[in-house]
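The values are calculated or read from the model by the stated rules, or taken from the named source; none is laboratory data. Bear in mind the structure is a predicted one, so any value in this text is a computation, not a measurement. Cβ: placed from backbone, ideal geometry, glycine included. Neighbour counts: every protein chain shown.
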Amino acid sequence: MSGIGKYFKLNLNSATKQTSGGSCGCGNTSGGCGSHINESAPVKTSCGCGNTSGSCGSHSTPEISEQEFFDAAVDAAIGDERKKDGFDQVFEVKMDRRTAFRKLTASLMIGAGAVSTSCSVTTGDESKEKAQIDWEEQFKGNYKLMTDEERNATVNRLVRSYELRKKENITMKSTDAVKDVLFGYAFNISKCQGYMDCVNACVKENNQDRNSEMQYIRIHEMKDGEGFKFNEADDNYYHEVPAEGHFYMGTQCFHCDNPPCVEVCPVEATWREDDGLVVIDYDWCVGCRYCMAACPYDGRRFNWSKPEVPEEEVNKDQHYLGNRMRKKGVMEKCTFCVQRSRSGKDPACVEACPTGARIFGNLLDPNSTIRWVLENKKVFRLKEDLGTEPKFWYFMD
Amino acid sequence: MNRYRSAHILGVTFLLTFMIFSCKHSEGEYHSLTDKIEAESKNYHGTTISSESYIGDIETIEITEGEHTFSIPERKSQITSYACIECHTKPLKELKGVDLKKAHWDINLVHANEKIMNCATCHNGDDMNNLKSLTDTAIDFNRSYQLCAQCHSPQFEDWKGGAHGKNIGGWSSPRAAMTCVNCHNPHKPEIESRWPSRFNTQKVKERE
């Protein structure tokens, strides 16, 4: 249980007794678990708990024990939701007229708030503009389907919104994929020394959350002669590198040509662009994390909290599909630095690598360095048999 | 008999149409990524994207080696005490023993062993402004890679192609790359070990 201790655990017919805060896995469908509290805890209440003694046996005493108090508290909090899931939890809620009105009013207030701010004569021009921007941003469409004007409009809104909120100017691009470009990447395993300069540069370039220390790139320290064993590799070492008897290899989003993450997205918030980049519309993402589960390479990251970057460290050269500021509850990942690569610049990791282990270029250009690597070195990709067609090759000297 | 034949023809037609449609993969028109790259790069005539502006203020010279043409940083202007003959006014032998200020005391040759290399392997005491090849041909300081390539031929091949060394600026044309001495100190070419530039404390917490 070490390692995932703080996460929610499912205990299905476990033979071991649950030690911490075990709620009674009640089997009866009517009345719910809470019923035995109302019935002043009679002995005959059937309890679906696996253990015959201990927590369940405590019903026989008339006073409320600690366990019963806990159960009651849980019931009060989630009650019916323990039996219902998903759709039912939301829609099969018994609601009297008063609660219904209160809830309706609450959502109306939010809308009215936006409207009143924008129509009010007393609020300032800036807050009106903010409200107007928020309103339009809220109801904009999927970036993939936008026309060029719509793309420009949303980019302008986002730039203005940042200016209004932070009093700082940013530039944001919405550069499209260019014809005859297909981005590809090669990684020289013999050259990488594990310095992690690439990770540093990536975090800075892409405005990744500093609090959760999100990192798109992982550098795995692997034992010589053992091959790729990700379960035994260390991707968070801190000692002098390169360590004796180890080699280093980096992983990040591989921008698959047949990306499973795109296939599973229920809202089409992620897609593959014509130049091969797999991108995300952060404003369309609903945060279901299907893509995170579908990616066989651990390439995607989720914002569990609001991403924060100190104002002086924010990279203000941004792209809508790239390093613009994200929000809580959306996915993000490596974009091959779309804000740089689409202008002809190398991604930040390539530029930062002091060993030259990272090679980036246009796969469609027969004279590019990436093509030379693919044609003249013995290259391979990770989990090639999955048919995901990553555009990220590994090779050795 | 005729009815059988028409049924047969109908069946075959149906089968053929079915086969045509079922062969169409949902993944796209290519069987694999390599096929796609091969097919789509056949009529490649360059892109509109240029990387020229990202080379920055680095002064470069264009070199052509075999089928590869690209730029490398100009070197002579970067060497602190170039031109060498400003101090090396006389041949080396005559300078030795003369009561002059000591020079190059900071250079300690750690490159191969003494049997194989010494200063004179690359430097010419009679022509200090140039390097020299193993066959005593002069090599310009700006093209010092030619000197390295004498022994390190696999690295030279990889460097020309782009598999060794570091690209400068951007991925598009014009291509510019670091030359050997931009990363390796020619007198001590091995790159030293050091500490990683960061450590993720949150990852440690997450995995506790």
Pairs returned, first residue in the stretch B:37-66 that is over 17 Å from B:Gly162 (Cβ atoms), second residue that is in a helix (DSSP H, G or I), beta-carbon separation under 8 angstrom, 6 or more apart or interchain, are B:Glu59/B:Ser77; B:Ile61/B:Asn142
Testing A:Ile189 on (1) within 14 Å of chain B (Cβ to nearest Cβ); (2) more than 27 Å from A:Ser368 (Cβ to Cβ), one condition comes back false. Which one is that? (2)
From the list A:Cys256, A:Cys349, which residue is touching an Asp or Glu at 6+ places or on another chain (Cβ under 7 Å) and at pLDDT 95 or above? A:Cys256
Which numbered condition in (1) facing another protein chain (nearest Cβ under 7 Å); (2) under 27 Å from A:Ile170 (Cβ atoms) is the only one that A:Lys306 fails? (1)
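Could you check the stretch A:381-390 and list, in sequence order, the residues that are more than 7 Å from every other protein chain (Cβ to nearest Cβ) and not aliphatic (A, V, I, L, M)?
A:Arg381, A:Lys383, A:Glu384, A:Asp385, A:Gly387, A:Thr388, A:Pro390
Among the listed residues B:Thr179, B:Thr137, identify the single one that is more than 7 Å from chain A (Cβ to nearest Cβ) and over 23 Å from the mean Cα position of the chain (by Cα). If you could, list the steps in order and put the result at the bottom.
On the way: B:Thr179 fails: over 23 Å from the mean Cα position of the chain (by Cα).
Result of the check over B:Thr179, B:Thr137: B:Thr137.
Matching residues to (1) modelled with pLDDT of 95 or more; (2) away from chain B (no Cβ under 14 Å); (3) at positive phi:
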| residue | (1), (2), (3) |
| --- | --- |
| A:Glu137 | no, yes, no |
| A:Leu158 | yes, yes, no |
| A:Lys204 | yes, no, no |
| A:His220 | yes, no, no |
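Output the residue which, of all residues in the stretch B:186-195 that are away from chain A (no Cβ under 11 Å) and under 15 Å from A:Thr355 (Cβ atoms), is surrounded by the fewest Cβ atoms within 10 Å (Cβ to Cβ).
Just the residues of the stretch B:186-195 that are away from chain A (no Cβ under 11 Å), to begin with: B:186-190.
Next, from what is left, pick out any that are under 15 Å from A:Thr355 (Cβ atoms): B:189-190.
Numbers: B:Pro189: 15, B:Glu190: 9.
Checking each candidate, the answer is B:Glu190.
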Elements of type strands (runs of 3 or more DSSP E) contained in the stretch A:177-278, each with 2 or more residues being without any contact (Cβ under 8 Å) to a residue 40 or more places away in the chain: A:218-223
For B:Thr13, which of the numbered conditions (1) modelled with pLDDT of 90 or more; (2) among the β-branched types (Val, Ile, Thr); (3) out of contact with any strand residue (DSSP E or B) (no Cβ under 7 Å at 6 or more places or on another chain) fails to hold? (1)
If a residue has to be more than 7 Å from every other protein chain (Cβ to nearest Cβ), closer than 30 Å to A:Val314 by Cβ and of a type in the set (Lys, Arg) to count, how many in the stretch A:324-380 make the cut? 8
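To keep it simple, each residue is scored yes or no on (1) under 30 Å from A:Asp176 (Cα atoms); (2) within 27 Å of the chain's Cα centre (by Cα); (3) not charged (D, E, K, R).
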| site | (1), (2), (3) |
| --- | --- |
| B:Ser71 | yes, yes, yes |
| B:Glu86 | no, no, no |
| B:His104 | no, no, yes |
| B:His111 | no, yes, yes |
Of all residues in the stretch B:196-206 being of a type outside the set (Lys, Arg) and surrounded by 13 or more Cβ atoms within 10 Å (Cβ to Cβ), the one that is farthest from A:Glu240 (Cα to Cα): B:Glu206
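Pick from B:Ile63, B:Ile37, B:Ile49: which is within 23 Å of B:Asn130 (Cβ to Cβ) and out of contact with any Pro (no Cβ under 9 Å at 6 or more places or on another chain)?
Exactly one of B:Ile63, B:Ile37, B:Ile49 is within 23 Å of B:Asn130 (Cβ to Cβ) and out of contact with any Pro (no Cβ under 9 Å at 6 or more places or on another chain), namely B:Ile63.
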Close pairs from the stretch B:128-139: first touching a residue at least 60 places away in the same chain (Cβ under 8 Å), partner part of a loop (DSSP other than H, G, I, E, B), Cβ under 8 Å, at least 6 apart: none
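Where in the stretch B:44-153 are there helices (runs of 4 or more DSSP H), lying wholly inside it, with at least 2 residues that are surrounded by 13 or more Cβ atoms within 10 Å (Cβ to Cβ) and of a type outside the set (A, V, I, L, M, F, W, C)? Write out each step before concluding.
Numbers: elements: B:92-95, B:119-122, B:145-148.
The helices (runs of 4 or more DSSP H) meeting that bar are B:145-148.
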Determine whether A:Arg218 is buried (at least 17 other Cβ atoms within 10 Å of the Cβ), under 20 Å from A:Cys198 (Cβ atoms), over 15 Å from the mean Cα position of the chain (by Cα) and of a type in the set (D, E, K, R). yes
Out of (1) part of a helix (DSSP H, G or I); (2) more than 23 Å from A:Arg272 (Cα to Cα); (3) among the hydroxyl-bearing types (Ser, Thr, Tyr), the one A:Thr154 does not meet is (2)
Filter the stretch A:241-299 for residues that are within 12 Å of another protein chain (Cβ to nearest Cβ) and among the acidic types (Asp, Glu); the one that is nearest to A:Cys202 (Cα to Cα) is A:Asp275
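Take the stretch B:164-179 and flag every residue that is closer than 25 Å to B:Leu134 by Cβ and crowded, with 22+ Cβ neighbours inside 10 Å.
Within the stretch B:164-179, B:His164, B:Gly165, B:Ala177, B:Thr179 meet the criteria.
Specify the residue that is farthest from the other protein chains (Cβ to nearest Cβ); the eligible residues are those in the stretch A:164-184 that are under 26 Å from the mean Cα position of the chain (by Cα) and more than 25 Å from A:Glu268 (Cα to Cα).
Of all residues in the stretch A:164-184, those under 26 Å from the mean Cα position of the chain (by Cα) come to A:165-166, A:170-177, A:182-184.
Retained after the next criterion (residues that are more than 25 Å from A:Glu268 (Cα to Cα)): A:165-166, A:170-171.
On the way: A:Arg165: 26, A:Lys166: 25, A:Ile170: 21, A:Thr171: 16 Å.
Selected residue: A:Arg165.
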